[in-house]
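Here the structure comes first, spelled out in structure tokens, and everything after it is commentary.
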Amino acid sequence: MPKLNSAADLERLRREINAARDPRRRCITVCSGTGCLASRSQEVVTALQKELAGRGLQDKIDLRRTGCYGFCEQGPIVVIEPDGSCYLRARPKDVPEIVSKTLLDGQIITRLLYEDPQTHQRIGRFEDIPFYKHQKRLLLAANAMLDPKRIDDYIAIGGYSALAKGLFKMKPERVLDQVKLSGLRGRGGGGFPTGKKWETTRNAPDEPKYVIVNADEGDPGAYMDRSLLEGNPHSVLEGLILGGYAIGASEGFIYVRQEYPLAVENTRLALAQAEEYGLLGRNILGSDFDFTVRIHRGAGAFVSGESSALMSSIEGRVGEPRPKYIHTAVKGLWDKPSCLNNVETWANVPLIINHGAEWFAGLGTKNSKGTKIFSLVGKVNNTGLVEVPMGMTLRQIVYDIGGGVPGGKRLKAVQTGGPSGGVIPESMLDLPVDFDELYQAGSMMGSGGLIVMDEDTCMVDMARYYVDFLAHESCGKCVPCREGLRQMLHILNRITVGEGKESDIELLEELSQFMQEAALCALGTTAPNPVLSTIRHFRAEYEDHIRDKRCPAGVCKSLIAYTINPDVCIGCGTCAKNCPTEAITKDEERDVYLIDQDQCIKCGSCLAVCPPKVRAIVKGPPGVVLERA
Ligand SMILES: Cc1cc2nc3c(=O)[nH]c(=O)nc-3n(C[C@H](O)[C@H](O)[C@H](O)COP(=O)(O)O)c2cc1C
Ligand code: FES
């Protein structure tokens, strides 16, 4: 690789890369993000390599492995450029047909196209699929355009031009000013103004200063940061180098969890390639700016994502938080000024420098600018990673992008912000995605988890799930968090097994207030959010569990029982055959099937297999005996 000694060298290289590429030439891209790899996309790549070679097409048609497209549940995703035809759930056996029909003959293979679940209409082009059509993919779009293992792909689409602009056309203060003026707020949870944090670190009197990428991503179900780092590591790196330049740091760290092996691999490769080109290291692009980056692999504890815990972990100590009377921006890593930002925050920086702060500030709402990536999961037809402009409503995300709730069920709530967030009930679904609006509604943007819940979700059980997660993840250093979470879990467990007391709701509220005021770090101070928001919006459901010993959603096992209605049972025995504990037997005398309640583990298999035309299994409160009419 030639060393680039100036911005002009970079531009020359970009022209050369693009001149060697014919934009009309066909390119078949196969998603090779973690989701699609799990659906065996590598086998599709291998089959394509063989098929293209077998037909002597390897030099005529390009094959590119890309990062995550976001629609992982439909993977492996194959897109044929330049026309953008999109095949979903492609298998190695489909490959000969893809090559002969689509690549050579221009025909579309209908069965591999997206099928609209409502209209059953097939959609051919990637950007016409509703899941993509309503998104604004400023960050994720590049994932589909490049092979993350090839720096030339990033350079070809304008990569590192923001760095060259920053280094040669802007003073560090001006780069910082642009980030401030853009209104960018941290995507890691709290939404702290990024420019302000950069300024604090820059102005802190001590040296050296550090810049750090937070790619710990411990929220259950969230994978935005993983997909960005895996799919476009250079965008994060470019943002980090610009941050170092603006803040006055010559050393950066990328803290990424060990459970993200592909993200680690692609980031390592990105660092090595950037260094070879002279985009990292000494005298970047011939300027007098030096910058190096080290990767630190985290051991996967949720609390290690907290700023002071993360820095402690980089120092080689236990990843536990410390009191932050002095912020880490002033006294962080090895007690030196350290600016920590989330993966998505860093990835926005090159966009701001390239397009200008005004452009970025023109996107979104008054106090929340740009776009936000969410991992849309739960009871929703289309699940995956979605990037939307700030200000889009939750309803638009769930219905226009997510395609609504499956099975005609009623939407009950959406949970945002992961374990530190809360629930937003259906009645508030027109709330825009905005840091402050979500906070006022008792939830938070968090890092971007968005879980859709339907009528079959029990809100008490959901709060119990998050408290259980946090009780396990609490580092135990401070009493309010360690003991508060244990007590909360104890109370919630009691409620969900029908042993709740009249005073339990008030006790939960009192404990919450105590934790919010006294816990050491934001794990403890935000831990009550799932509990408080469910009490606020679904108090009646808590009361049903406590007073009537009833779980209205039919989730809490101790409060439900399965019985067989003898009047409609046709005696087919399907339920008995599928019962894992042999709890269902036939009462030959009365010619009916019965469920032994002591043996039943309430797995619901009988309900699932009872023929829809029969529907003899009844899920209801325990103690009800059904007799023939
Ligand atoms: C328990 C806990 C876990 C956290 N985990 C993450 C994480 O995985 N990724 C992240 O970017 N921020 C996480 N944060 C927030 C960080 O402490 C910090 O505020 C953030 O990385 C700053 O980046 P930003 O300003 O770009 O949002 C966590 C905070 C807490 C309290
Ligand atoms: S990994 Fe392929 S779409 Fe996400």
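When restricted to Cα atoms, region 436-476 yields an Rg and a Dmax of 12.5, 35 Å, respectively. Counting only the Cα atoms, the chain fills a convex hull of 166 Å³ per residue. Looking at region 79-126, the pairs of alpha carbons with a distance over 18 Å make up 25% of the total.
Rg over Rh for region 445-598 works out to 1.13, using Cα positions for both radii and the Kirkwood form for Rh. Using the Stokes-Einstein relation with a Kirkwood hydrodynamic radius computed over Cα pairs, the translational diffusion coefficient of region 363-448 at 37 °C and a viscosity of 0.692 mPa s comes to 257 µm²/s. Cα centroid distance between region 95-147 and region 348-397, in Å? Taking the Cα centre of each part, region 95-147 and region 348-397 sit 22 Å apart.
Taking the three principal axes of the alpha carbon atoms in region 487-547, the coordinate ranges are 34, 22, 15 Å, sorted in descending order. Taking trypsin sites (Lys or Arg not before Pro) across region 504-561, none is in a DSSP loop with at most 11 further Cβ atoms lying within 10 angstrom of its Cβ. For the peptides 602-613, 181-192, 162-173, residues were scored by their other Cβ atoms within 10 Å and the scores averaged per peptide; the highest-first order is 181-192, 162-173, 602-613.
Quantify how much of the Cα-Cα distance distribution of region 408-475 extends past 13 Å, in percent. Distances greater than 13 Å cover 64 percent of the Cα pairs. Partner lysines whose Cα lies under 18 Å from the Cα of K133, excluding those fewer than 8 positions away in the same chain, are identified as K372.
Among V380, V213, the ranking by other beta carbons within 10 Å of each residue's beta carbon, starting with the fewest, stands as V380, V213.
Rounded to the nearest 10 degrees, the angle from helix 261-276 to the longest Cα principal axis of the chain is 10 degrees.
Among V211, V568, V256, the ranking by other beta carbons within 10 Å of each residue's beta carbon, starting with the fewest, stands as V568, V256, V211. Note on region 32-156: Kirkwood radius taken over Cα pairs, Stokes-Einstein applied at 20 °C and 1.002 mPa s, translational D equal to 142 µm² s⁻¹. Summing Lys and Arg as +1 and Asp and Glu as -1 over all other residues whose Cβ lies under 11 Å from the Cβ of K412 gives a net charge of -2.
In terms of its C-alpha gyration tensor, region 1-99 comes out prolate, because a/c is 1.5 or above and the ratio a/b outweighs b/c. Multiplying the residue separation of R297 and A540 by 0.36 nm and removing their Cα-Cα distance gives an extension gain of 83.0 nm. Residues whose amide H lies under 5 Å from that of F253, counting only those 5 or more places away or on a different chain, are V211, I212, V213, R294; hydrogens are built 1.01 Å from N in the peptide plane. The alpha carbon radius of gyration of region 284-440, expressed as a multiple of 2.2 N^0.38 Å, is 1.29. Angle check, please: helix 7-19 long axis (alpha carbons) against the longest principal axis of the chain (alpha carbons), in degrees 0 to 90, nearest 10. Long axis of 7-19 versus the principal axis of the chain: about 60 degrees. Neighbour counts of C-beta atoms inside 10 Å place H472, H545, H296 in the sequence H472, H296, H545, starting with the fewest.
Shape of region 93-176 from its Cα gyration tensor (a ≥ b ≥ c, root eigenvalues): rounded if a/c is under 1.5, otherwise prolate when a/b > b/c, or oblate? Oblate, because a/c is 1.5 or more while a/b does not exceed b/c. Along each principal axis, taking the top coordinate minus the bottom one, the Cα set of region 223-330 gives 42, 32, 22 Å in descending order.
Read-outs: derived from the displayed coordinates by stated rules, not from any lab. The shown structure was predicted, so the numbers you read here are calculated from the model rather than taken from an experiment. Cβ atoms come from the backbone with ideal geometry, glycine included; neighbour counts cover every protein chain shown.
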